[in-house]
1. How about the range 1-44: which of its residues are among the aromatic types (Phe, Trp, Tyr), in contact with a Leu (Cβ under 7 Å, 6 or more places away or on another chain) and surrounded by 15 or more Cβ atoms within 10 Å (Cβ to Cβ)?
2. Within the range 239-262, track down each residue that is part of a helix (DSSP H, G or I) and either modelled with pLDDT under 95 or farther than 19 Å from Asp122 by Cβ (or both).
3. When the range 161-184 is examined, which residues are found to be among the basic types (Lys, Arg) and either at positive phi or assigned to a loop (DSSP other than H, G, I, E, B) (or both)?
4. Suppose the filter is surrounded by fewer than 18 Cβ atoms within 10 Å (Cβ to Cβ), aliphatic (A, V, I, L, M), out of contact with any Leu (no Cβ under 7 Å at 6 or more places or on another chain) and not in a loop (DSSP other than H, G, I, E, B); does Leu217 pass it?
5. With respect to the numbered conditions (1) at pLDDT 95 or above; (2) part of a helix (DSSP H, G or I); (3) within 26 Å of Val97 (Cβ to Cβ), which one is the sole condition not fulfilled by Phe41?
6. What is the one condition in (1) within 30 Å of Asp275 (Cα to Cα); (2) surrounded by 13 or more Cβ atoms within 10 Å (Cβ to Cβ); (3) touching a residue at least 40 places away in the same chain (Cβ under 8 Å); (4) of a type outside the set (Val, Ile, Thr) that Tyr62 does not satisfy?
7. The conditions are (1) surrounded by fewer than 20 Cβ atoms within 10 Å (Cβ to Cβ); (2) free of Cβ contacts under 8 Å to residues at least 40 places away in the same chain; (3) farther than 22 Å from Asp115 by Cβ, and Val258 fails exactly one of them. Which is it?
8. Considering Arg230, Arg211, which residue is surrounded by 14 or more Cβ atoms within 10 Å (Cβ to Cβ) and free of Cβ contacts under 8 Å to residues at least 24 places away in the same chain?
Amino acid sequence: MTMQQLFFWGSAVLKEAGVPEPELDARYLLLHVWSISFASFLASRNAPLPDNQEAAEKRKQYETLISKRAGRIPLQYLTGTQEFMGLEFLVNEHVLVPRQDTETLVELVLAEQKDREKALLDVCTGSGCIAISLAFLGGYRAVTALDISAEALRVAAQNAQKLLTGHGGTFSLLESNMFEGIEKRERFDIIVSNPPYIPTAVIGGLEPEVRDFEPRLALDGREDGLEFYRILAEQGREFLVPGGYIYMEIGCEQAEDVTTLFRGQGYESLKTVKDMAGLDRVVRAVWPGQEMEKREEGENDV
């Protein structure tokens, strides 16, 4: 059997199982198992596979991975990695697979926040892809990333150890249910978040890869999908410096609702940014300066 024949077999199995882009996934898994580039595959695809134990074991490994992918386990959980912002992140079943849509948030922060002396907080960090990308590419002096899941934080810690060896600033991880574990006096210049935002009733209709394998804790935004934006709007201002920014990924139909939530809590300079597909993807809000805080303190004293 040749590698090309093995690829054709894997593609056919995945196609029969209804996997989107079966040829692409069959190829990725083949390259992963043999640890070769696509160019190497093209050069040797028609040569017979070696008749030895190593080749037999690789073929068995490939067949096992194809079977798992046919069961709709996400490709990235099988290879253990996903590229994000040009960096390779480790992923497993405890974290969401980083998506290109989320790069819109990172790119917006990098475009608007040039000062490397900023302190940044990532809420619901998961794999750490947002926080680590911003630390690596933005070089911010202090980056804190929190998540309620200890398992997710272990993945984020591995990614930080792998990718931030040359980072000049500080990077810390915190197990916390939203803002609960942060010191009340701590303040950040920037808060970023990709919170759970899918309405509970919608999750059952998602693709099997997401519905059955990605962590529900990172998907479920409760009844209307807005629960965690309410927390971000109500409590986030307590941890922002005057004039601080908050950037959030949103569902493509949530821009108006999220903007209304934040405007109602006193945020200003609301802005919605679209992703590469032309869909609403990020909402940015600014907590106003000391004038607003003084007004609120005066109202509380009455």
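1. Taking the range 1-44 and keeping what is among the aromatic types (Phe, Trp, Tyr), we get 7-9, 28, 34, 38, 41.
Then keep just the ones that are in contact with a Leu (Cβ under 7 Å, 6 or more places away or on another chain); that gives 7, 28, 38, 41.
Once the filter is applied, which keeps residues that are among the aromatic types (Phe, Trp, Tyr), in contact with a Leu (Cβ under 7 Å, 6 or more places away or on another chain) and surrounded by 15 or more Cβ atoms within 10 Å (Cβ to Cβ), the range 1-44 yields Phe7, Tyr28, Phe41.
2. Hits for the range 239-262 are Ala255, Glu256, Asp257, Thr259, Thr260, Leu261.
3. Going residue by residue through the range 161-184, those that are among the basic types (Lys, Arg) are 162, 184.
Within the range 161-184, just Lys184 meets the criteria.
4. On the way: surrounded by fewer than 18 Cβ atoms within 10 Å (Cβ to Cβ): yes; aliphatic (A, V, I, L, M): yes; out of contact with any Leu (no Cβ under 7 Å at 6 or more places or on another chain): yes; not in a loop (DSSP other than H, G, I, E, B): yes.
Yes.
5. (1)
6. Going through the list (1) within 30 Å of Asp275 (Cα to Cα); (2) surrounded by 13 or more Cβ atoms within 10 Å (Cβ to Cβ); (3) touching a residue at least 40 places away in the same chain (Cβ under 8 Å); (4) of a type outside the set (Val, Ile, Thr), Tyr62 breaks only (1).
7. The single condition Val258 does not satisfy is (1).
8. On the way: Arg230 fails: free of Cβ contacts under 8 Å to residues at least 24 places away in the same chain.
Of Arg230, Arg211, the one residue that is surrounded by 14 or more Cβ atoms within 10 Å (Cβ to Cβ) and free of Cβ contacts under 8 Å to residues at least 24 places away in the same chain is Arg211.
The values are calculated or read from the model by the stated rules, or taken from the named source; none is laboratory data. Please read these numbers as outputs of a predicted model, since none were measured by experiment. Glycine gets a Cβ as well: all are built from the backbone with ideal geometry, and neighbour counts include every protein chain shown.
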